[in-house]
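Worksheet: one structure, shown below.
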Amino acid sequence: MATNMTDTINKSENQTDEQTTGISCVLKESLADKARHSWFERPVPGIKQQLTAPLTAVETEPSTECTSCHSMITNTALIFNCYVCPLCEHHMPMSARERLQWFLDQVDGELGQEFSAKDPLKFVDSKPYPQRMTEAKDKTGESEALVVMYGKLRNLDVVACAFDFRFMGGSMGSVVGDRFVQAAEKALEDKTPLVCFAASGGARMQEGLLSLMQMARTAAAVERLRIAGVPYIVILTNPVYGGVTASLAMLGDIHLAEPKAMIGFAGKRVIEQTVRETLQEPFQRAEFLLEHGVVDEVVHRHQLVDTTYRLLAKLCHQANVDA
């Protein structure tokens, strides 16, 4: 009896195993079929595009870094904003030609292009003087550190000159003196006001005594304007030092200055070494000179043209067309 029951159990277990084996085989076959079908019907993966932010104008256009707040501003934005940083209002330097074309409403001509610098001393420091001049001309596109133009400012005839600090630090050599004297003579002859945008490191050492003589020449030319009653306005930009400060830049009827412009005769470090004291800000800044009576007014560049025109109209007894 026990044997029969054992045989029955074994048979049932064998049948169960066979059924399980059959089911597993069927499942394997169906899974294999599905795998084959899924392999051919699988979606082909494409190339995933990386989502990146669109490029800004600063990344696609030529840009300039503000030396004050270190923000990047496109050159187009700087030109439209008169080279004033839109974030921190820092006044960046302008080339002489750009400044005069921005200042004058109409340019009728240019003076002094016939003058060219010589090398009378055969001066050589780390480089020969003619080589330095050639490099400055290639860098700026100008033939000298002073550019003189005459034209219209609103309804006024004006002679205007501007220093280009990029040209050997705006240093005053014999050609700069020649051009300034010619501008003063033009203003004296036509009885038109003279406006000077000063930006210089001083006299040009490569010309020695000939450079220092320009201080007397330009001062004499300004004195002739004063005697004739011809207005002369000086606009001090950053920076103005040395022989230019000691002559034509401080002999105007009115002295305007751009904000935070550095103005002086000797440099700050030279003065500190002489007096053995540390000079804190805003020493030699335009605002400091305004407090001490050296400068008549500190004017933002955006208001500079209008302010200069109002002063000239008053000095020339002309009707103010903006009023």
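What number of residues within the range 181-201 satisfy the criterion of being of a type in the set (A, V, I, L, M, F, W, C), under 12 Å from Val222 (Cα atoms) and either crowded, with 24+ Cβ neighbours inside 10 Å or touching a Leu at 6+ places or on another chain (Cβ under 8 Å) (or both)?
Here is the first cut: in the range 181-201, the residues of a type in the set (A, V, I, L, M, F, W, C) are 181, 183-184, 187-188, 194-199.
Next cut, under 12 Å from Val222 (Cα atoms) only: 181, 183-184, 187-188, 194-196.
From what's left, either crowded, with 24+ Cβ neighbours inside 10 Å or touching a Leu at 6+ places or on another chain (Cβ under 8 Å) (or both): 183-184, 187-188, 194-196.
Here the count works out to 7.
Filter the range 247-287 down to the residues that are hydroxyl-bearing (Ser, Thr, Tyr) and touching a helix residue (DSSP H, G or I) at 6+ places or on another chain (Cβ under 9 Å), then identify the one that is nearest to His90 (Cα to Cα). Checking each candidate, the answer is Thr278. Criterion applied to Leu279, Leu290 was being surrounded by 14 or more Cβ atoms within 10 Å (Cβ to Cβ) and not assigned by TED's automatic domain parsing to the domain that holds Cys85, and the one residue passing it is Leu290.
Taking the criterion of being crowded, with 16+ Cβ neighbours inside 10 Å, assigned to a loop (DSSP other than H, G, I, E, B) and touching a residue at least 12 places away in the same chain (Cβ under 8 Å), would at least one residue in the range 129-143 satisfy it? Spell out how you get there, then give the answer.
First, pick out the residues of the range 129-143 that are crowded, with 16+ Cβ neighbours inside 10 Å: 129, 132-133, 136, 140, 142-143.
Now narrow it down to the ones that are assigned to a loop (DSSP other than H, G, I, E, B): 142-143.
Add one more test, that the residue is touching a residue at least 12 places away in the same chain (Cβ under 8 Å), and what stays is 142-143.
Yes: one or more hits.
Is there a residue being more than 26 Å from the chain's Cα centre (by Cα) and over 26 Å from Asp105 (Cα atoms) anywhere in the range 249-270? Yes: one or more hits.
Selection of the range 210-223 for residues being closer than 29 Å to Tyr309 by Cβ and either among the small types (Gly, Ala, Ser) or part of a loop (DSSP other than H, G, I, E, B) (or both) yields Ala219, Ala220, Ala221.
Scanning the range 224-242 for residues that are of a type outside the set (Lys, Arg), part of a helix (DSSP H, G or I) and either touching a residue at least 12 places away in the same chain (Cβ under 8 Å) or within 12 Å of Ala286 (Cβ to Cβ) (or both) gives Leu225, Ala228, Gly242.
Rundown of residues vs (1) surrounded by fewer than 18 Cβ atoms within 10 Å (Cβ to Cβ); (2) of a type outside the set (Gly, Ala, Ser); (3) at pLDDT 95 or above, yes/no style:
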| site | (1), (2), (3) |
| --- | --- |
| Glu110 | yes, yes, yes |
| Ala117 | no, no, no |
| Asp125 | yes, yes, no |
| Asn155 | yes, yes, no |
| Cys161 | no, yes, yes |
| Met172 | no, yes, yes |
| Arg179 | no, yes, yes |
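For Asp178, are the conditions met, namely being closer than 20 Å to Val222 by Cα, outside any strand (DSSP E or B) and not polar (S, T, N, Q)? Even if it seems obvious, please write down each step before you answer.
Working: closer than 20 Å to Val222 by Cα: yes; outside any strand (DSSP E or B): yes; not polar (S, T, N, Q): yes.
In short, yes.
Surrounded by fewer than 17 Cβ atoms within 10 Å (Cβ to Cβ), in contact with a helix residue (DSSP H, G or I) (Cβ under 9 Å, 6 or more places away or on another chain) and in contact (Cβ under 8 Å) with a residue 12 or more places away in the chain, is that true of Arg204? Considered against the rule, which asks whether it is surrounded by fewer than 17 Cβ atoms within 10 Å (Cβ to Cβ), in contact with a helix residue (DSSP H, G or I) (Cβ under 9 Å, 6 or more places away or on another chain) and in contact (Cβ under 8 Å) with a residue 12 or more places away in the chain, Arg204 comes out as no. For the range 70-124, a residue qualifies if it is farther than 23 Å from Lys152 by Cβ and assigned to a helix (DSSP H, G or I), and the qualifying residues are Asn75, Thr76, Ala77, Leu78. Just so you know, in the range 293-312 the residues that are more than 23 Å from the chain's Cα centre (by Cα) and among the β-branched types (Val, Ile, Thr) include one that is surrounded by the fewest Cβ atoms within 10 Å (Cβ to Cβ), and it is Val294.
The values are calculated or read from the model by the stated rules, or taken from the named source; none is laboratory data. These numbers were taken from a predicted model, which means no experiment stands behind them. All Cβ positions, even for glycine, are placed from backbone atoms using ideal geometry, and neighbour counts span all protein chains on display.
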